[in-house]
1. Residue by residue through the stretch 100-106, which ³J(HN,Hα) values in whole Hz follow from phi under the Karplus form 6.51 cos²θ - 1.76 cosθ + 1.60 (θ = phi - 60°), with glycine and proline marked x?
2. Compute the whole-percent fraction of alpha carbon pairs in the stretch 111-160 spaced more than 14 Å apart.
3. So for the chain, averaging the separation of alpha carbon pairs under 8 Å that are six or more residues apart and normalising by length, what relative contact order in percent results?
4. Mind jotting down a quarter of the surface of the convex hull over the alpha carbons of the stretch 22-107, in square nanometres, one decimal?
5. Out of residues 5 or more away from G145 or on other chains, whose amide H comes under 5 Å of its own, with H placed 1.01 Å from N in the peptide plane?
6. If you line up the Cα atoms of the chain on their principal axes, what length do they span on each, largest first, in Å?
7. Taking amide hydrogens as modeled 1.01 Å from N in the peptide plane, which residues meet the under 5 Å criterion relative to A139, leaving out close sequence neighbours?
8. Under the Karplus relation 6.51 cos²θ - 1.76 cosθ + 1.60, θ = phi - 60°, what is the ordered set of whole-Hz ³J(HN,Hα) values for the stretch 170-175, x standing for Gly and Pro?
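Values quoted throughout were computed directly from the atomic coordinates according to the rules given, and no laboratory measurement underlies them. Here the structure is a predicted model, which is why all the values come from computation and not from measurement.
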Amino acid sequence: AYSRYGLAPVLNVYSGATGAVLATATLGPAGYTPVAAVAVPHFAGSAANEVAVLLTAPERPARVVVVDAGRGRRLQSFGLARTAAYLDIEVLPAAEGAAPTLVILAQGADGTVRALQRDAATGDRQGRVGFGQSLLPAALVVLPGGAASGPRLALVGNDAAGALVVVAREAADGRL
């Protein structure tokens, strides 16, 4: 995903074997910039995975756009609250045939860091996991669950002393 000055942001899907462009999609109006993108396990009826792209723009609400990577067709687009800075997007695994959950890393104006969960197919809210104000966020990582628990969300960031710290929480209920 990329944007050129003054033009609308675009997603190109390339062949890993040949480098040829397989699909192209316009993601939004001019002024938006892609911040992060993630491959979303197939759920929308084509043979290819989908791609979710997090877009931001000055003085506009951030957006997430989900594109069918096989056809270059926009499947979903939803806005995010203007009250936060949006830094990363990841995906939680889903049951076979179900739409996965997108996880968007957000930092509020007061420094509070949250992982917002949205349904990839509808954009509907599915909860959030709070990480507090103790870290300057660098990345969000989804860790697969084990036999006894579901997936975890790990926030990687720097604490007040500058040390790199990882905080992991259960994706389902936010437990540390």
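1. Once θ is set to phi - 60°, the couplings for the stretch 100-106 become x, 9, 8, 10, 10, 7, 10 Hz.
2. On the way: 734 of 1225 pairs.
That tail contains 60 percent of the Cα-Cα pairs.
3. On the way: 434 pairs, mean separation 20.7, N = 176.
It rounds to 12 percent for the chain.
4. Details: hull surface 22.0 nm².
Over all viewing directions, the stretch 22-107 projects a mean Cα-hull area of 5.5 nm².
5. R152
6. Projected onto its principal axes, the Cα set of the chain covers 45, 42, 31 Å.
7. V156
8. Values per residue, Gly and Pro as x: 5, 5, 6, 9, x, 4 Hz.
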